[in-house]
Amino acid sequence: MSKTVVLGLSGGVDSLVSALLLKKNGYKIIACTFKLWKNEESVNSARLLAKSLNIEFRVLDISTTFKDKIVDPFIAEYIGGKTPNPCVWCNNDIKVYFLYQEMLNLKADFFATGHYVQIKDFHNKSYIYKGTDLPKDQSYFLWNVRAKYLKYWLTPLGNLTKIEVKQIAIDHKMGFLAHKKESMGVCFIGKQGYQSFISENLPKNKKIEEGEIVDENEVVIGKHNGTAFYTIGQKKGLNLKNKKRTVVKIDASINRLVVGYDTELFVKQFWVMDYYFIDEKDMSNSRLNVMVRGIGRNPKGFCLVGNIDNYLNVKLEGKAWAIATGQPVAFYVDDRLVGGGYIK
């Protein structure tokens, strides 16, 4: 008897090929797409794709939950001077959670997504592992997915490269999806940019105002457009005479940016809050390494972790640059994702 799987279908090449591979392996597929935030085009694409594949299709309207759990906190974090990554929230609280719930509701056996990760057992526990295609690997955004979901989660693309995925689409006469431009960045912002998005969706009781830019001696050297529009390490938008100046501190409480130079932003250690590990024994693993992206310059490296007053103190083998409060941190042992948290 064939197993039933609830597949998150977006209408793109990744979910298409996931469906094709699941069908090939004998699964009965129920495709599910979410109505989130002005994503009607994606929902319609998924509906057409499901029809072409002759599989059952369902739409879940979770737009209110998405706004409450993803969009509003995203705006609030920036207003508070933090640098959030909503993809981490969305994977656990939206995609995985609601596909799992739909799996239970429909009495299916598994749920599946087009993530480029692998799920394997290690010492009788299920873990996320990096995908074969390392440039496409998405494990960094999945550290907070709870262990209870993993044994039900199928990731058909985990051992494939993007090139192989596109070729499968072409072989199945779906080349138009293989050549479709991939969406980058935060999905609900689209092409408008996060500054415009925040401005247009600002809560009624909040406002963004110009403020002071000061140097390391607290001398006012310029004006900014609102602390919500900046992150640590940013130079763009400062409009200072000295173009080498960069944001080194954001003080949203007094609407002030402090600027300095790139060399001030290297750190050998930092603190992590709201952390999660599938097995906390991995925190003391001698091969534990850390990935923190900052604004894209930080390679992974070995680290030592200490637990102090519900925070983690992370001491790095090397240095990280331009890390900012609210950014995610992921911990690995080799290719096995063991936990993560947020920069404090």
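The values are calculated or read from the model by the stated rules, or taken from the named source; none is laboratory data. In this text, all values refer to a predicted model and were calculated from it rather than measured experimentally. Note that we place each Cβ from the backbone using ideal geometry, even for glycine, and neighbour counts take in every protein chain shown.
Figures for the structure shown
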quantity: Matching residues, segment 27-54, being part of a loop (DSSP other than H, G, I, E, B) and at pLDDT 95 or above; calculated: TYR27
quantity: Complete set of residues in segment 79-116 that are buried (at least 17 other Cβ atoms within 10 Å of the Cβ), of a type in the set (A, V, I, L, M) and touching a residue at least 60 places away in the same chain (Cβ under 8 Å); calculated: ILE79, VAL88, ILE94, LEU99, MET103, ALA108, ALA112
quantity: Yes/no for LEU157 being farther than 24 Å from VAL292 by Cβ and touching a His at 6+ places or on another chain (Cβ under 9 Å); calculated: yes
quantity: Condition met for ILE323 (among the β-branched types (Val, Ile, Thr) and at pLDDT below 95); calculated: yes
quantity: Residues that are at pLDDT 95 or above and of a type in the set (Gly, Ala, Ser), drawn from segment 1-25; calculated: GLY8, SER18, ALA19
quantity: Candidates ASN313, ASN298, filtered to the one that is part of a loop (DSSP other than H, G, I, E, B) and either within 19 Å of the chain's Cα centre (by Cα) or at pLDDT 95 or above (or both); calculated: ASN298
quantity: Cβ pairs under 8 Å, 6+ apart, first in segment 215-231 and closer than 21 Å to ILE198 by Cβ and in the same structural domain as VAL247 (by TED's automatic domain parsing), second in a loop (DSSP other than H, G, I, E, B) and of a type in the set (Asp, Glu); calculated: LYS223/GLU210; HIS224/GLU210; ASN225/GLU210; GLY226/GLU209; GLY226/GLU210
